[in-house]
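Each reported figure results from applying straightforward, stated rules to the coordinates on display, with no laboratory input. The model shown is predicted, which means the values in this text are computed figures rather than measured ones. Glycine also receives a Cβ, built like all others from the backbone with ideal geometry; neighbour counts cover every protein chain displayed.
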Amino acid sequence: MDFLQQLGLEQENKGVSTGSTWIDSKGAKLESFSPVDGKLIGTVISADKAAYDVSMEKALAAFKEWRMWPAPKRGEIVRQFGEALREKKEPLGKLVSYEMGKSLQEGLGEVQEMIDICDFAVGLSRQLYGLSMHSERPLHRMYEQWHPLGVVGIISAFNFPVAVWSWNTALAWICGDVCIWKPSEKTPLCGIACQKIIAEVFAKNNVPEGVSCLVQGGREIGEWLSNDTNIPLISATGSTRMGKAVSTAVAARLGRSILELGGNNAIIISQHADLDMSLIGAVFGAVGTAGQRCTSTRRLIIHESVYDTFKNKLINAYKQLSIGDPLDSKNHVGPLIDKDAVKLYLDSIEKCKQQGGNFVVEGGILEGAGYESGCYVKPCIAEVTNDLGIVQHETFAPILYLIKYKTIEEAIVLQNGVPQGLSSAIMTLNIRESELFLSQAGSDCGIANVNIGTSGAEIGGAFGGEKETGGGRESGSDAWKAYMRRQTNTINWSTNLPLAQGIKFHI
Ligand code: NAD
C-alpha cells in the first residue's frame, strides 16, 4: 500500500485542519475499512465543537485577506493545485478506489475531473464578468460586480469522495471564498489526502491558513455547518433525505444552499436506436461504480418492438461481467461501500419481488475467496412497471429496472414520472424523437443526453438536477455565480441629484 505513504497518510490521523495546521480534537474516532478486502485502512479523529470553532475562526480571518487577492492571482494558486493533482494522480486514484471501492479506472477518472475543474477555474479567474447597464439618468453610470461570498461549507457523499470537493473549492477559491469541508464519514482518508495536497500548495504560496479547512465527522458536523450563520453558502451532496434536512436548516437562517441529491435516471431505448451502442451505455450506466453513482442508470424504458431483443442482449452482457477487486483492471464491477449498503440492496430486491417485479437476472451476495469484505453483490435486472414504490425510489446499488413503452410520448411521461430529476438519456437515430426529448415537452431533468448513457458528465457543463435532486448546479457553465454575491452600482458624475423614475423632491 505505498500509495498511502505517498499521500502522507498515517495509521491514525487528526481530522481537523486549517491548512498546514492539524488541530487536536476529542471527537469520535472514525475507522475506515476498505470494501475491497475488509481491512482497516486507518483511523481519523472527528471534529469536536471546540476544534470546529477554531477552524471557523481561522476561516473567517482568512477570508478578510483572501478576498483582497486579485482573482487571477487566486487562479494561479488553483493552477498549481491542478499541477499537484497531476503529480499525485496515481496514488490518489488508488486511494479512491481502495477506500470507496470503485474501479481504478474510475478512481483515476475522478482525479482527472479534479484536474479538469482546476483548468476550468484558472481561465474563469479572469472572466468573473458583470454586466454594465445604461442608466435612465444623465451623467450616471450603472454596472454590476460579483464579490466573494465568504465561508463556503461543503458536505460531500462517499461515492465521489474527492471530485465533489474540488468542483466546489476550485470555483469558490477563484471567486475569493474560503472553504470548510466535511467529507463523508465513510471515506475520511480521501479527505485527509486532499487536504495534505492543497496544504503544500498553499504553504508554498503563503496563502493564509483557513482558506481550506477540514472538519471530519458524521451527520452532526454537517448539522453544525448547516446551522452556522457564519456560512452564507452550503453546498451539500448526498441523499434527498439529507438534502431536505440541510435545506430546511439553511433556509431557516435565510442562507443559500446548492443541493446535489439523489437521482433515478432512465435511458429510453427507442425502436430507432443503435442497439449495440445502447447496450454499452446501459450496462456501464447500471453496473459502473456498482450502481453507486448519482447518475447511475436505474431504469431502461424500452420500445415494445425491440424489448425482447434488447432484454436478451442485456442478459448475455450480464453473464460476461466479472465482479471482484476493483484495483484489478480485469474486473468490471467492484463492491458496495459497506454492509449497510448490501442490506439495502437485498431489501430492495425483496420489496421489488413483493411488489410484482420479475427478475430476469437474479441478484445476491458473493461469497468465498476475494469476497471476504462481504460487500460484493451481483448486478441484477427486473421487469417492472414504473409505478411500483421501489422503482420510484433511488436504491444505491446495481439493480436495473426494465419498463416497456409503445409511443415516444408515453416514454417521456414514464421517464419524468419519478420524484427525482437528475440525468436522462434517449438512444435514437430519429431526429424528431431526440428533439422532442430535448424540448420543453421532453425530459424534465437537469441533464438530458442523446446517444450517450446517463452517467459520466464533463466538467464544462453545469451539473445538477431538478425536483428531489435539489435544483443545485455545480462545476461548469455559469455555476460560479452561486459562489458570489451580485452588487449593482450606480455612480452619479453630474452636478445634480436626479432621482430615479423622475421623482421630484425639493428641500
Ligand atoms: P448521505 O446523504 O448519507 O450523506 C452525504 C453527506 O451528508 C455525508 O457527509 C453525511 O455525513 C452528511 N449528512 C447526512 N445527514 C445529514 C444531515 N441531517 N445534516 C447535515 N449533513 C448530513 O449520502 P451518501 O450515502 O454518502 O451518498 C449517496 C447519495 O448521494 C445518493 O443519494 C446519491 O445520488 C447522492 N449523490 C448525489 C450527487 C449529485 O451531484 N446529485 C453526487 C453524488 C452523490
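Computed 3J(HN,Hα) for region 250-264, one whole-Hz value per residue from the Karplus formula 6.51 cos²θ - 1.76 cosθ + 1.60 where θ = phi - 60°, is 5, 5, 4, 10, 6, x, 10, 9, 10, 10, 10, 10, x, x, 8, glycine and proline marked x. Each DSSP beta bridge with both residues in the chain is either parallel or antiparallel, and the antiparallel ones are about 40%. Once backbone amide H atoms are built at 1.01 Å from N, Gly42 has Ser32 as its partners under 5 Å, excluding neighbours fewer than 5 places away on the same chain. Here Glu83 and Gln105 are evaluated by their C-beta separation; at R0 = 22 Å the FRET efficiency comes out at 0.45. In the frame of its principal axes, region 178-244 has Cα extents of 40, 27, 15 Å, reported largest first.
Taking every DSSP bridge with both residues inside region 265-450, close to 15 percent are antiparallel. Taking other C-beta atoms within 10 angstrom as a stand-in for reagent exposure, Tyr401, Tyr318, Tyr483 fall in the order Tyr318, Tyr401, Tyr483, fewest first. Our coupling estimate for region 389-400, obtained by passing each phi through the Karplus curve with A = 6.51, B = -1.76, C = 1.60 and θ = phi - 60°, is x, 5, 6, 6, 10, 7, 9, 7, 6, x, 10, 10 Hz, Gly and Pro reported as x. Per-residue Karplus couplings for region 370-384, computed as 6.51 cos²θ - 1.76 cosθ + 1.60 with θ equal to phi - 60°, are listed in order as x, 10, 4, 5, x, 10, 8, 10, 8, x, 9, 9, 10, 8, 9 Hz, Gly and Pro entered as x.
Label separation (Asp340 vs Glu76): 4.5 nm, computed from points 7 Å beyond Cα along the C-beta direction.
Calculate the FRET efficiency for Glu304 and Phe505 from the Cβ-Cβ distance with a Förster distance of 56 Å, rounded to the nearest 0.05.
Details: r = 72 Å, r/R0 = 1.29.
Computed FRET efficiency for Glu304 and Phe505: 0.20.
If you plug the beta carbon distance of Glu435 and Met68 into 1/(1 + (r/R0)^6) with R0 = 41 Å, you get a FRET efficiency near 0.25.
For the chain, the relative contact order comes to 18 percent (Cα pairs under 8 Å, sequence separation of at least 6).
For Ile302, the residues whose modelled amide H falls within less than 5 Å of its own, excluding neighbours fewer than 5 places apart on the same chain, are Ile269, Ile403, Lys404, Tyr405. Extending 7 Å from the Cα toward the beta-carbon at both His393 and Arg485 defines two label points whose distance is 4.2 nm. Potential lengthening of the chain between Met277 and Ile315 amounts to 12.1 nm, from the contour at 0.36 nm per residue minus the alpha-carbon distance. Computed log10 I(q)/I(0) for the chain at 0.12, 0.13 Å⁻¹: -1.08, -1.22, from the Debye equation with unit scatterers placed on every C-alpha and solvent omitted. The equivalent ellipsoid of region 265-450 has semi-axes of 28, 17, 15 Å, largest first, where each one is the square root of 5 times an eigenvalue of the Cα gyration tensor. In Å, the Kirkwood hydrodynamic radius of region 225-318 over pairs of distinct alpha carbons? Value: 15.7 Å, from the Cα pair sum.
Contact order, relative form, for region 265-450: 28 percent (alpha carbon pairs under 8 Å, 6 or more residues apart, mean separation divided by residue count). Once backbone amide H atoms are built at 1.01 Å from N, Ala462 has Gly476, Ser477 as its partners under 5 Å, excluding neighbours fewer than 5 places away on the same chain.
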